[in-house]
1. If you line up the Cα atoms of region 311-432 on their principal axes, what length do they span on each, largest first, in Å?
2. Using helices alone, I'd like the mean residue ellipticity at 222 nm for the chain: each DSSP H run of four-plus residues gives -39500 (n - 2.57), total over residue count, nearest 500.
3. In what sequence, highest mean first, do 132-140, 390-398 appear when ranked by Cβ atoms within 10 angstrom?
4. On a 1.4 Å probe surface of the protein chains, which of Thr79, Thr369 comes out largest in accessible area, and what is the full order?
5. Determine the equivalent ellipsoid of region 97-217 by diagonalising the alpha-carbon gyration tensor, then write out the semi-axes as square roots of 5 times the eigenvalues, largest first, rounded to whole Å.
6. Given axes a ≥ b ≥ c from the Cα gyration tensor, I'd like to know whether the chain is rounded (a/c under 1.5), prolate (a/b larger than b/c) or oblate.
7. Using only Cα atoms, locate the centre of region 292-336 and the centre of region 107-156, then give the distance between them in Å, rounded to an integer.
8. Could you work out the relative contact order of region 312-424, using alpha carbon pairs under 8 angstrom and six or more residues apart, expressed as a whole percent?
Amino acid sequence: MSSAVASPTRRDFLALSAAAGAAGLIPASVRAATGEAIRPFSFTAPEAALVDLRRRLAATRWPERETVADPSQGVQLATIQALVPYWATDYDWRKIEAKLHALPQFVTEIDGLDIHFIHVRSKHENALPLIVTHGWPGSIIEQLKIIDPLTNPTAHGGSAADAFHIVIPSLPGYGFSGKPTTTGWDISRIARAWVTLMKRLGYARFVAAGGDVGAQVVDELGVQAPPELLGIHSNMPGTVPADISKALNFHEPAPAGLSAEERNAWDQLDFFYKKGLGYANEMSLRPQTLYGLADSPVGLAAWILDHDDRSYRLIARVFDGQSEGLTRDDILDNITLYWLTNTAVSSARSYWDYSATAKKGFFDVKGATVPVAVSAFPSEIYTAPRSWAEKAYPKLIHYNRLPKGTHFAAWEQPQFYSEEVRTGFRSLRESI
């Protein structure tokens, strides 16, 4: 390179990215000089795919009704038969597609796999870079409602000092990201890929948030503790003590001496370990068997709805006409994304990869050494007690119990979630 043309520094790269505005457009010369290419991305579903979806919905062969009056046998026939007619006749994928088109989306290759992500930069100075990770059976759809409150807080009752630049990637095998063709994309590898992504975007320091699988990713980031990471936020934290985890796994009685909060968490987890792990067991052990999810939209919808009891009950109420934090369109936006991208099986295979190398259970203490913020929602799979969080995270900087919210907190309760992320990371801003 001629001495007359200086190689761009990280500061130059960040400045160029900021100058591009909300569109996140980064000049090709800068992309080439700073690493792997960052390519603009957009998705428009073929009309034929939507016609085929409606045809398959109309041709559904139904089983008989369950023999109980509650969801103890799974997704109830009345719920799924309320969902399907709306999906087939009234639901409009083009509405969410237009919302996605309005957002800056990109793809970049990391470790041999294309990673899709949304990248929205705040207009406010000194915004804090944040990467937010979804889980299963979620997608980037979960995080759409928190983008504006976090990047543009002054429009949502917040302060400019609480602004974030936000990056929302699709997990490998999910949504618009590439589908791994070999094994090995476990939680540790995803965490390393996220650091690569943030550095590639020019962020020398950042924070990370996530729920479900995303919570595993941020916990792992906290264990790896890369120098770029300032701290993590989780709404499904790994706080369960070893003796509690052992008793749950072996269906032993609850240990003596639990506080009321701890006993509530025990009861929630005991129910989940005994009644709610079916999907995770199948995807961890035999994911490729789930061909029906790729062939039947009704099969896919039922599989996705049957994630956890409290979220399912909320969704059932939505399709029964009640007003909740989610709408019928919210729910179908996510399911239709899985259908149109044919990622039901590839996302299921991810659980096989995760479990192949996991040393701890989903809810177990992982050993994060970075600052941690915890938001405990009451209808999560389990509501982490403060006592467990304080022991699990030596650098706990924020803990709060929310009045409402299920497993899909950012999606269902975006105001609570956004306020929690702002508050949780506020003390770390002086570090950037």
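The values are calculated or read from the model by the stated rules, or taken from the named source; none is laboratory data. This one's a predicted model, so the numbers in the text were calculated from it and none came from an experiment. Ideal geometry is used to build each Cβ from the backbone, glycine not excepted, and the neighbour counts take in all protein chains shown. The area values use the complete protein model at the heavy-atom level, side chains included, leaving out ligands, DNA and RNA. Shrake-Rupley method; radii C 1.70, N 1.55, O 1.52, S 1.80 Å.
1. Rounded to whole Å, the extents work out to 42, 37, 30 Å.
2. Only helices count here, giving -13000 deg cm²/dmol.
3. 132-140, 390-398
4. On the way: Thr79 15, Thr369 75 Å².
Most to least solvent-accessible, the answer reads Thr369, Thr79.
5. Values: eigenvalues 120, 46, 34 Å².
Ellipsoid semi-axes (Å, largest first): 25, 15, 13.
6. oblate
7. When both Cα centres are located, 23 Å separates them.
8. It rounds to 21 percent for region 312-424.
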